[in-house]
Amino acid sequence: MDQLANILDGYIEKKRQKFTALSEEIWRYAEVGFQEFRSAQALERFLEEEGFTLEKGVAGIPTAFTARYGSGKPVIGFLGEYDALFDLSQQPGNPQRALFENGAAGHGCGHNELGVGSLAAAVAVKEYMKEHGLAGTVVYCGCPAEEDGSGKMYMAKAGVFDELDGAFTWHPSSQNAVDGSSSLACICVLYRFHGRATHAAGQPHLGRSALDACELMNVGVNYLREHMIQEARIHYAYRDAGGGAPNVVQDHAALYYFIRAPKVSQAVELRERVDNCARGAALMSGTTVEITTTDGLCDFIPNRTLSALLQQGMEAVGAPRFTEADRALAAQFQKGYPESELKAKNESYEKDYGSQIAAQLAGKSLMDIILPLRFDSAASPGSTDVGDVSYVCPTAQLNMATYAIGTPGHSWQLTAQSGCSIGHEGMLAAAKVMAYAGICAMRDPQTLQKAREEYVKATGGKYICPVPVDTKPMLDGVK
């Protein structure tokens, strides 16, 4: 461990109990997107006590905020998330299915750790600035509704990230690696069809079926799939099937579509073609259609210059300091996973990193090594609103092991591990790495300039908002 890593280790370990207690508090709240009132307040209170200046309710979102320390350039941001997922309540550290206090939601993506890990990084940078006279500003960005709502997109649209010279974030994972993959841009659109109800047998000629319109739209989109780029994805769900009576012509029905593509410009273009399928379906069925954009997000563009700083930090800090009890508990969780999934996971490590690393990880319940830095040319299949930040400023993120190898994402098993010591260790390690990278960036203007030049080359230096300018966040969660 080098000198800077040692200093940061001291800052964060000194407040270990406070950070883990805050993570556990947010884990217990388990509030879903745009409803994270107690979670946001807990983070805000902690940062105020640490001497940060807060701006609450940014971008018109009650649970979004910024907290800053210092003044002037450079300005380094850390992105925090704290929303939970529906139907993933689970007792902490329990490898058997058991609801936590009969709760409906749970941190099945570990955002309690994500939010506090980024907070701990910001606090550590603040301590270093005070002790070593480092000039600049550190900003913690409290970002709600990543899972459903695209909070960062609305914050980017409102200019919240414009001041940042660089942004760092992380995500709970089963591995320790800098994220060198882009992600798919995604636009979320609700199509509500309105028709005319009548008796389906007695007077069918008087009816105009909104349900027929939905069916026609889906057929049209299915034919569209042949004529879109191979990497794009379109998927949907019925939000309203018009009712349960077959002898009534349904006068209302609705579809909710996700439209994804490797680049936000491609998603915007594809969305217009899907809209036309909806308009055509309405024309054919004699109905009308109401098209509402609920949210959307850009593809993530990993900044290679800042990613290299994160890799340097990971190698200096090292893997999470799991105990034997942590490893044993993780192994208990693994017993509930298919053997084929664990084998496939190890095969993926061999494919991506070589047989030597795969051999090091074979049979282990928790990752205890740092993976080499690699950048993928293909986009990962998921989407994240961190992409919107990467279209505003140079952005890099890492993954840190907070749960057992083989744990499925968005699962009750992940909820359980994000609420116990396994998750805490990964969270604290991620905080140290991000603080390390942040301080290195602040101390080296040339690195930040290089990162900026790379960002401009990749994006044109301009944010491309994936939704219409008048789109508002659905703060009540109703879509």
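At-a-glance table
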read-out	value
Between 0 and 90°, nearest 10: helix 339-353 axis offset from the chain longest Cα axis	60 degrees
13 Å beta-carbon shell around Glu339, net charge (K/R +1, D/E -1)	+1
Ordering of 262-269, 103-110, 331-338, 160-167 by burial proxy (mean other Cβ atoms within 10 Å per residue, highest first)	103-110, 160-167, 262-269, 331-338
If the convex hull is drawn through the Cα atoms of segment 163-263, its volume per residue in Å³	177 Å³
Binned Cα-Cα distance frequencies in segment 85-198 - 10 Å width, integer %	10, 28, 31, 19, 9, 3, 1, 0
The chain: angle of helix 210-224 to the longest principal axis, Cα-based, in degrees nearest 10	60 degrees
Ordering of 115-122, 469-476, 223-230 by packing [mean C-beta count within 10 Å, highest first]	115-122, 469-476, 223-230
Cut-off 13 Å between beta-carbons: net charge of the residues surrounding Gln17, Lys and Arg +1, Asp and Glu -1	+1
When segment 409-479 is reduced to its Cα atoms, the Kirkwood hydrodynamic radius in Å	16.7 Å
Förster-model FRET efficiency, 30 Å R0, Gln17 and Ser348, C-beta, rounded to 0.05	0.25
Carbon + sulfur, % of accessible area of segment 262-340 - ligands and nucleic acids excluded, 1.4 Å	54 percent
Cross-link reach list, lysines versus Lys345, counting only Cα pairs under 20 Å and skipping chain neighbours closer than eight places	Lys335, Lys364
Extension reserve of the Val248-Arg28 stretch, reckoned as 0.36 nm per residue once the Cα distance is removed	74.7 nm
Alpha-carbon centroids, segment 113-154 and segment 1-50: separation in whole Å	10 Å
Protection proxy ranking, peptides 56-62, 373-379, average beta carbon neighbours within 10 Å, highest first	56-62, 373-379
Set of lysines near Lys73 by C-alpha distance (under 18 Å), chain-local residues within fewer than 8 positions excluded	Lys126, Lys130, Lys450
Dipole axis of the chain (+1 Lys, Arg; -1 Asp, Glu on Cβ), positive-most option in Gly313, Cys393, Gln17	Cys393
Heavy-atom accessible area per residue - segment 387-479, 1.4 Å, Å²	34 Å²
Rg in Å to one decimal, and Dmax rounded to a whole Å, for segment 223-275 via C-alpha atoms	14.6, 45
Estimated [θ] at 222 nm from DSSP helical runs (n ≥ 4, -39500 (n - 2.57)) normalised by residues in the chain, nearest 500	-13500 deg cm²/dmol
Compactness index (Cα Rg / 2.2 N^0.38 Å), segment 214-336	1.68
Accessible surface of segment 415-463 [probe 1.4 Å, protein heavy atoms]: carbon and sulfur percent	48 percent
Nearby lysines by direct alpha-carbon distance to Lys152 (threshold 20 angstrom, same-chain neighbours under 8 apart not counted)	Lys56, Lys263, Lys462, Lys472, Lys479
Helix 3-14 axis, angle to the chain major axis (alpha carbon atoms, nearest 10°)	70 degrees
Candidate values (1) 40, 25, 22; (2) 36, 31, 21; (3) 42, 30, 19, label of the one derived for semi-axes √(5λ) of the Cα gyration tensor in Å	(1)
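The values are calculated or read from the model by the stated rules, or taken from the named source; none is laboratory data. Quantities reported herein were computed from a predicted structural model and do not represent experimental measurements. Don't worry about glycine lacking a Cβ; one is built from the backbone with ideal geometry, like all the others, and counts go over all protein chains shown. Areas reflect the complete protein model, heavy atoms only, side chains present, ligands, DNA and RNA absent. Shrake-Rupley method; radii C 1.70, N 1.55, O 1.52, S 1.80 Å.
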